[in-house]
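Have a look at the structure below, then the notes.
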Amino acid sequence: MNIITIERNGVHIAKLESEETLIYDVQSALDCMATVRYETDVDRAILPKAVLDERFFILSSGLAGDILQKFVNYQFKVAIVGDYSGYTSKPLRDFIYESNNGSHVFFVGTEAEALEKLSRD
């Protein structure tokens, strides 16, 4: 995993880069969050969709809810960047919509959108 720190509007944001799945359960999400905080002292991150296990996007698995609850509990803002057009599940689309209307978790299509959402206070 490679972590790059980006500054936007006076806010520091970590951008994660990896060729492999980094988050596949709650513990791996906590480990990822802790690594970002320890190495960068930042509490906002851009995650490429590819670092999440595909089970994350099957809401009945409970993985998305469990993982995102940890991000919220630990006051860690995250934007997940990727193409979500291939998902046809109405509950998933509703989940993404509700998340995007919140203040901690965002599902966006581009890094620019991620930076815009995460640089707000």
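Quick note: the coordinates plus some simple rules give every number you see, no bench work behind them. Source: prediction; values computed, not measured. As a convention, Cβ positions derive from the backbone with ideal geometry for all residues, glycine included, and neighbour counts pool all protein chains shown.
To the nearest ten degrees, helix 26-40 and the longest principal axis of the Cα atoms of the chain are 20 degrees apart. Note on residue 31 and residue 100: with the Förster distance fixed at 22 Å, the Cβ-Cβ geometry gives a FRET efficiency of about 0.30.
Taking Cα Rg over 2.2 N^0.38 Å straight from the coordinates, which label in (i) 0.97; (ii) 1.21; (iii) 1.30 is the correct one? This structure yields the entry labelled (i).
Under the simplified labelling scheme, the residue 11-residue 39 pair shows an inter-label distance of 2.2 nm, with each label point 7 Å from Cα along Cα→Cβ. With contributions of -39500 (n - 2.57) from each DSSP H run of at least four residues, the per-residue ellipticity at 222 nm computed over the chain stands at -11500 deg cm²/dmol.
The mean sequence separation of alpha-carbon pairs under 8 Å and at least six residues apart, normalised by the residue count of the chain, gives a relative contact order of 25 percent. Loop-located trypsin sites (Lys or Arg not before Pro) in region 58-121 (DSSP state other than H, G, I, E, B) with a sparse environment of at most 13 neighbouring Cβ atoms within 10 Å: 120.
With a Förster radius of 22 Å applied to the C-beta separation of residue 90 and residue 66, the computed FRET efficiency comes to 0.60. Can you tell me the orientation of helix 90-100 relative to the chain, as the angle in degrees between its alpha-carbon axis and the longest Cα principal axis, to the nearest 10? That works out to roughly 20 degrees. Under a 5 Å amide H cut-off, with hydrogens placed 1.01 Å from N, residue 80 pairs with 47, 106, 107, 108 among residues at least 5 apart or on other chains.
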